[in-house]
Amino acid sequence: MMILYGCLTLGMVACAMLAIRSSRLVVSSLWLAALSALLAVLIYLLGAARVAVIELSVGAGLVTVLLVFAVGIAGDEAAAQKPLVPRLLSWGLGLVVLALLGWFVLPLVAAPSPASQPSLASLLWEGRALDVLIQVVLIFCGVLGVLGLLASAVPVEAAKREQALPALEDGPESGPIAEQGRMQP
């Protein structure tokens, strides 16, 4: 079980680092959703099933949809600014946080396992059915929004290429340069 906790912790740290290092905000929000999903799995394994369900639905679902929606409205432009915190200090604080996270997540003494907890499916669907269905619809809309944002860059590039092609296909006899030549006697 300790190996699983360690793998989940390393996965969360990797997702966090990739979210920070990503240059596009949509990609960063997807890495944060993956981090939240791994955190929900870890919380569930630690015995807090209801908290895990809330983390999964709100953290990985609703917050991701809101972030993608906000990025879609505001735009996904990378700001080229000088970092506020020096690189050495940020790495040092990151290592301290990683050490504290490992200390709290990976206890030295094995804790007793919880007596019995309901399955995730019964906890998710029986107590909060309407709530979960609404969140599934929101997540679905968010995924469609992400696909729309990622696909919108392709038609713009294709349209630019199509506008450039007719001038090349007509040959040197047509186009603005050829018409200028015909106007002059």
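The values are calculated or read from the model by the stated rules, or taken from the named source; none is laboratory data. On a predicted model such as this, the values are computed, not experimentally measured, just so you know. Methodologically, a virtual Cβ is constructed for each residue, glycine included, from the backbone with ideal geometry; neighbour enumeration extends over all protein chains shown.
Among the candidates Ala34, Ala48, Ala60, the residue that is at pLDDT 85 or above, small (Gly, Ala, Ser) and under 23 Å from Val136 (Cβ atoms) is uniquely Ala34.
Restricting attention to segment 32-77 and to residues that are within 24 Å of Leu144 (Cα to Cα), small (Gly, Ala, Ser) and out of contact with any helix residue (DSSP H, G or I) (no Cβ under 8 Å at 6 or more places or on another chain), the residue that is surrounded by the most Cβ atoms within 10 Å (Cβ to Cβ) turns out to be Ala70. Taking the criterion of being in contact (Cβ under 8 Å) with a residue 12 or more places away in the chain, farther than 29 Å from Ile73 by Cα and of a type in the set (Gly, Ala, Ser), the residues of segment 1-53 that qualify are Gly6, Gly11, Gly47, Ala49, Ala52.
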